[in-house]
Amino acid sequence: MNDNDASVELRDSVQAARRAGTSLCIRAGDSKAFYGRETGGETLDVSRHRGITRYDPTELVISARAGTPLVLIEQALDARGQMLAFEPPHYGDTATLGGTIACNLSGPRRASAGAARDFVLGCRIINGKGEMLSFGGEVMKNVAGYDVSRLMCGALGTLGVLLDVSLKVLPRPEAEITLSLPLGEHQAIARLHDWGQQPLPVTASCHDGINLYVRLSGAQGAVAAARRLVGGDELSDGARFWNRLREQRSGFFVSQQPLWRLSLASDTPPLPIPGKWLYEWGGALRWLVSDAPAATIRDTAVAAGGHAVLYRGGDRTGEIFHPLTDGLMAIHRRLKLAFDPDGILNPGRMYPEF
Amino acid sequence: MNSAATGNRPAGIDRRYLIQQLQALLPSDAVLHASEDLRPFECDGLSAYRELPLVAVLPDTIEQVQAVLRLCHRLRVPVVARGAGTGLSGGALPYRQGVLLSLAKFTAILDIDPRRRTARVQPGVRNLAISQAAEPYGLYYAPDPSSQIACTIGGNVAENSGGVHCLKYGLTVHNIQQVKVITIDGEMLTIGGSGLDAPGYDLLALLTGSEGMLAVIVEVTVKLLPAPERAQVLLAAFDDLVKAGQAVGNIISAGIIPAGLEMMDRLAIQAAEDFVHAGYPRDAEAILLCELDGTNEEVSEHILRVRGVLHDSGATEVRTARNEAERLTFWKGRKAAFPAVGRISPDYYCMDGTIPRKHLPRVLKSIAELSAGFGLPVANVFHAGDGNLHPLILYDANKPGELERTEAFGGRILELCVEVGGTITGEHGVGMEKLDQMCVQFDALELQQFHAVKAAFDKDGLLNPGKAVPTLHRCAEFGAMHVHGGRLRFPELERF
């Protein structure tokens, strides 16, 4: 498929849906259909709106239409020695930029480099009134107006249809190695926090219950020096390890039971919920495969200063994302009304209330 | 249109009644209403705008802040929150018919957690004080606005403050984890959490840089970083600004993200040199300061490579600071650039546009032409790594009409930034100052969307009214709304 600007058609579709009172289900590559709550509505296909519109490596910025396959963006960056530093998971070959940003999905490098939202510089959207709006821009520093671009990250399309997104990009590290150390959970958490207080180039971490895996990235000399301090054995194909982890293709993720994602204070001790655990992000992200009651999992996450998402499986019409306090829910509903007064954009995808 | 958008507010607030009510909520010395007591609050760092509030309050507990906001909400009295008042866009300018809410008494560092690498602090804690408190643990707070010795973290969040290390370490929004805010109806919301993300919409991003329009910040949890093992700075001189600009792109192209990358032009170099004797080459057209930090090995590798890039880019001279004292001397000139310019001119006006770096030559050339046209000199100081320009317009406020001419000149510079795909403010905020330029940056629908966001938090428009987002009426008067859609404010110019 060729580059194509479908923004006017998409706007017309949103306006028509608004007039007809039809809900829209925004979709492009459909690689994240599993994520969030199930919604009905007429499909609004954004995949026709695609193409990299601007990429100037010396500016460290890439701009592309939302339907652009993520893999094309990564190829373009790779050819110039750059990368999306938030290392987004694809969850399928058809993943697009729009879906990635709408879900605010970030991979192993998140704890050191930042999340998808940290790299968003600007975007163009269609709100629920069918208005085409631009926020932010293509520059690193921009504080004109409210940060609507970042508000779109993780909003699951409930506030607007993403049309174009500009992202900050970074050079690929010169050197990267992955080390494996046989450590239990407690020891792994302690070790990660010891390292965290030192200026070490740790750019990913994972604990699978048996081993702690650590990725070091940066200048050759820096990686070599850090390797001496960290110890352990070097993996022969570290890139493959992190790729399988990011895409949830490693053995841990193969299960019929629900997959939970817990985002917590990084130094939280191992939690007493029965199930299989896998840690990432220095302990701040914990995957849990478990049949334990949702209430138990959510309460435990809250006690650890965080929240829990029913990531895969379970009842997709029920409560997926962590419930909000009344005060926050009221703000969410009013923001939803501010962008989509008739509630036609992905209604119920995030919470049943809007 | 709602009241937040029109700025219409009920007239005739009974000042005496308001003061009485506030005195019932707060200790007597926390309610200031005599005009001599209000004078210190009349402006922020942008002193061209001055106004006295009806009354200023200095609560010292969150409950008091909640009580003040509940009262103001009930009486429909506008509230302007204020930190240290170092902002440069008039964001903390008092509202004549309103309450000035100072967070100056909230100065406690509540917790430093070296394992989690976080600091939980009250909003009135100074930016630099956080890094100082974290230093015993080998940690620091990365964003370092030039006012960091005085500015407070609450204001930093409200403005999404930057500094000289943004390209590598990000802005405030990248370095905070949680805030507690009080809404106009007195409710406390906790936004963010102890993890790296939170459920629902990214309200933390929305609140950051919202200029006190959405809620009042009463607590901030910031992320701390391990202090780099080593920092080293290079100083490169150029006989041509364009070459200096290209050198910046060449460093980035070499795959290196410097911790700081600053540029100064001839007038700024000379003013700084005369003031602090940093050893800058006085005859250079431009200098670049490039700071590299990280592990020992990394810095050594990068210094070698950056030296090579600078020479290849046509630098007439490249110096590496030989020791920490020299590194600080190199920085001293840059950090003193604003006061240095203050010495050579009765007044100066600091602009804050951001542009894609590749347009630097064109923008600097246009600024020079405008400077000649307006008859006002300009010294350029530039966060070159991230494209954030700080042209300093030299003027004399005592000469009739010169301030107005300066503001017009400044406005043209910001419009120029928008024309090349940049923005009217990189880090200082819109405040009162850049409302007209917001009409150039955004079209009517976008501004309406901003007003709708504001109304979702504050439907009566009581928090910091009249700031940050202009009314459509104002834009119509400014004469910019006809550019709706295309933004072709200057159709005769070449487009990018």
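None of the figures in this text is laboratory data; all of them are computed from the coordinates on show. Treat the numbers as computed from the prediction; the structure is a model and nothing was measured. Methodologically, a virtual Cβ is constructed for each residue, glycine included, from the backbone with ideal geometry; neighbour enumeration extends over all protein chains shown.
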remark   = At 37 °C and 0.692 mPa s, the Stokes-Einstein diffusion coefficient in µm²/s for region B:221-293, with hydrodynamic radius from the Kirkwood sum on alpha carbon pairs, is 242
inquiry  = What three numbers, in Å, describe the spread of the alpha carbons of region B:91-207 along their principal axes, ordered from the longest?
reply    = 46, 34, 28
query = Dividing the convex hull volume of the Cα atoms of region B:248-348 by its residue count, what figure in Å³ per residue is obtained?
reply = 99
note = Filtering trypsin sites (Lys or Arg not before Pro) in region B:304-377 by DSSP loop and by at most 12 other Cβ atoms within 10 Å leaves B:Arg322
key: 0 to 90° range, to nearest 10: angle between helix B:402-419 axis and chain B longest Cα axis   = 70
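Residues with beta-carbon under 10 Å from that of A:Leu170, excluding A:Leu170: net charge, scoring Lys, Arg +1 and Asp, Glu -1?
Values: positive: A:Arg109, A:Lys168, A:Arg172, B:Lys168; negative: none.
Within the 10 Å Cβ shell, the charges total +4.
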ask   = Does anything in region A:1-20 have its amide N under 18 Å from the 7 Å Cα→Cβ label point of A:Arg48, and if so which residues?
value = A:1-18
request  = Quick one: plug the Kirkwood hydrodynamic radius of chain B (C-alpha pairs) into Stokes-Einstein at 10 °C, 1.306 mPa s, and report D in µm²/s.
outcome  = 67
ask   = Pairing the Cα long axis of helix B:444-457 with the longest principal axis of chain B, what angle in degrees results, from 0 to 90 and rounded to the nearest 10?
value = 50
ask   = Tell me, which cysteines of the protein assembly as shown are without a disulfide-compatible partner by the Cβ under 4.7 Å rule?
value = A:Cys25, A:Cys103, A:Cys123, A:Cys153, A:Cys206, B:Cys43, B:Cys72, B:Cys151, B:Cys166, B:Cys290, B:Cys350, B:Cys417
remark   = Simple spin-label estimate for A:Leu229/A:Asp326, 7 Å along Cα→Cβ, in nm, reads 5.0
inquiry  = Can you compute the helix-only [θ] at 222 nm over the protein assembly as shown? Use -39500 (n - 2.57) per DSSP H run of at least 4 residues, normalise by all residues, nearest 500 deg cm²/dmol.
reply    = -9500 deg cm²/dmol
task = Take the Cβ-Cβ distance between B:Leu75 and A:Ala294 as r, set R0 to 41 Å, and report the resulting FRET efficiency rounded to the nearest 0.05.
result = 0.40
key: Per residue convex hull volume, Cα atoms of region B:352-439, in Å³   = 89
request  = Starting from region A:111-162, pick out the trypsin sites (Lys or Arg not before Pro) whose DSSP state is loop and whose Cβ has at most 14 other Cβ atoms within 10 Å.
outcome  = none
Candidates A:Thr100, A:Thr43, A:Thr158, ranked by Gaussian network fluctuation over chain A, Cα under 10 Å, top entry = A:Thr43
query = Taking Cα pairs under 8 Å and at least six residues apart, what relative contact order does chain B come out at, in percent?
reply = 16
message = At q = 0.16, 0.18, 0.21, 0.27 Å⁻¹, what log₁₀ I(q)/I(0) does region B:278-337 have when each alpha carbon counts as one equal point scatterer in the Debye sum?
response = -0.56, -0.71, -0.95, -1.32
request  = When you have a sec, figure out the Kirkwood radius of chain A from all distinct Cα pair distances and drop it here in Å to one decimal?
outcome  = 21.2
remark   = So, over other residues within a Cβ distance under 10 Å of B:Leu403, counting Lys, Arg +1 and Asp, Glu -1, the net charge is -3
note = region A:18-136, Kirkwood Rh and Cα Rg, ratio Rg/Rh at 0.98
key: Estimated translational D of the protein assembly as shown in µm²/s (Stokes, Kirkwood radius over Cα pairs; 10 °C; 1.306 mPa s)   = 58
ask   = Just counting partner chain Cβ atoms within 10 Å, what average do the residues of peptide B:68-81 show around their Cβ?
value = 0
task = Order these peptides, B:269-276, A:290-297, by their mean beta-carbon neighbour count within 10 angstrom, highest first.
result = B:269-276, A:290-297
task = Quick one: net charge around B:Cys290, please, counting Lys, Arg +1 and Asp, Glu -1 for every other residue with C-beta under 15 Å from its C-beta.
result = 0
task = Can you tell me the FRET efficiency between A:Thr58 and B:Glu317 if r is taken as the Cβ-Cβ distance and R0 is 35 Å, rounded to the nearest 0.05?
result = 0.90
query = Per-residue mean of other chain beta-carbon atoms within 10 angstrom of the beta-carbon, peptide B:295-303?
reply = 6
key: Pairwise label distance in nanometres, B:Ala476 with A:Gln220, each label 7 Å out on the Cα-Cβ vector   = 6.6
key: Relative counts (whole %) of C-alpha pair distances in region A:6-48, using bins that are 10 Å wide   = 27, 52, 21
request  = Per residue of B:201-213, count partner chain C-beta atoms within 10 Å of its C-beta, then hand back the mean as an integer.
outcome  = 6
task = Round to a whole angstrom and tell me the spacing of the C-alpha centers of region B:321-344 and region B:138-185.
result = 23
ask   = For B:Ile109 and B:Lys459, what does the FRET efficiency come to when R0 = 25 Å and r is the distance between their Cβ atoms, rounded to the nearest 0.05?
value = 0.10
